[in-house]
Amino acid sequence: MNYKQRSYPLFSACGLNCGLCPRYQMDGKSKCPGCAGKDFLTVHPVCGVLSCSQRRGIEYCFACEEYPCKKYNDADLWDSFITHKNQFIDMEKAKISIDDYKAELDRKVEILQNLLASYDDGRRKNFYCIAVNLLDLKDIMFVLEQIEDEIKQDDTKKQKAAIAVQHFQSIADNRNIELKLRKKQKP
């Protein structure tokens with residue numbers, strides 16, 4: 001199926017935050033353009049949810065009278081390249097106001113890109129993607145203030161990354177949020 005290019009590929013039809021995915025935040029031919037972004041078919045030749053939403057003429061599944069349908073059975077129990085833990089929560093936020101949700105997601109993508117540029121020692125991309133995806137924006141902003149207060153100008157990237165990870169992990173622990181992807185259990 002040829003997918004119609006979506007105007008905002010950072011938030012998928014199914015409710016995943018594509019802009020916070022490690023595959024979206026990479027360079028090279030494996031880079032994902034987001035949900036039905038430019039050249040989507042080169043990295044995702046088939047997406048049943050996107051095919052369904054485009055056949056129905058809806059931008060997001062929450063606009064469908066059948067949402068959540070059987071395609072969502074157990075959707076939030078395990079992860080792919082990106083965490084699915086907040087998929088339904090984020091869809092509810094978007095349902096209330098898609099413009100407000102897009103503004104929040106745009107801010108999170110900007111923060112993630114700054115974290116990757118300033119505090120990634122080459123091993124933290126997945127961690128930052130998950131942390132920014134799962135934590136509330138106010139908690140992320142609090143962590144960024146703590147990091148800025150603690151980092152010294154002559155710290156190495158490895159030292160900066162350790163400080164950032166420590167603060168993100170601390171707030172996640174306080175919120176009972178696990179900052180790692182969940183693998184599907186084999187039967």
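The values are calculated or read from the model by the stated rules, or taken from the named source; none is laboratory data. None of these values were measured; they are calculated from a predicted model. Cβ atoms come from the backbone with ideal geometry, glycine included; neighbour counts cover every protein chain shown. All accessible areas refer to the heavy atoms of the entire protein, side chains included, with ligands and DNA or RNA removed. Shrake-Rupley method; radii C 1.70, N 1.55, O 1.52, S 1.80 Å.
Which of the residues that make up the range 63-94 are in a helix (DSSP H, G or I) and either among the β-branched types (V, I, T) or under 18 Å from the mean Cα position of the chain (by Cα) (or both)?
Once the filter is applied, which keeps residues that are in a helix (DSSP H, G or I) and either among the β-branched types (V, I, T) or under 18 Å from the mean Cα position of the chain (by Cα) (or both), the range 63-94 yields Y72, Q87, F88, I89, D90, M91, E92, K93, A94.
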Give me the residue from the range 107-152 that is of a type in the set (D, E) and in a helix (DSSP H, G or I) and, out of that set, most open to solvent (accessible area, probe 1.4 Å).
D149
Kindly check whether there is at least one residue in the range 153-167 that is within 30 Å of F62 (Cα to Cα) and either assigned to a helix (DSSP H, G or I) or over 17 Å from the mean Cα position of the chain (by Cα) (or both).
no
Select from the range 153-174 the residues that are closer than 16 Å to K85 by Cα and either surrounded by fewer than 12 Cβ atoms within 10 Å (Cβ to Cβ) or among the hydroxyl-bearing types (S, T, Y) (or both) and list them in ascending order.
D173
Specify which of the listed residues (A161, A103) is free of Cβ contacts under 8 Å to residues at least 40 places away in the same chain, of a type in the set (A, V, I, L, M, F, W, C) and at negative phi.
A103
Tell me, yes or no, whether the range 71-90 has at least one residue that is buried (at least 19 other Cβ atoms within 10 Å of the Cβ), among the charged types (D, E, K, R), out of contact with any Gly (no Cβ under 7 Å at 6 or more places or on another chain) and closer than 19 Å to Y24 by Cβ.
yes
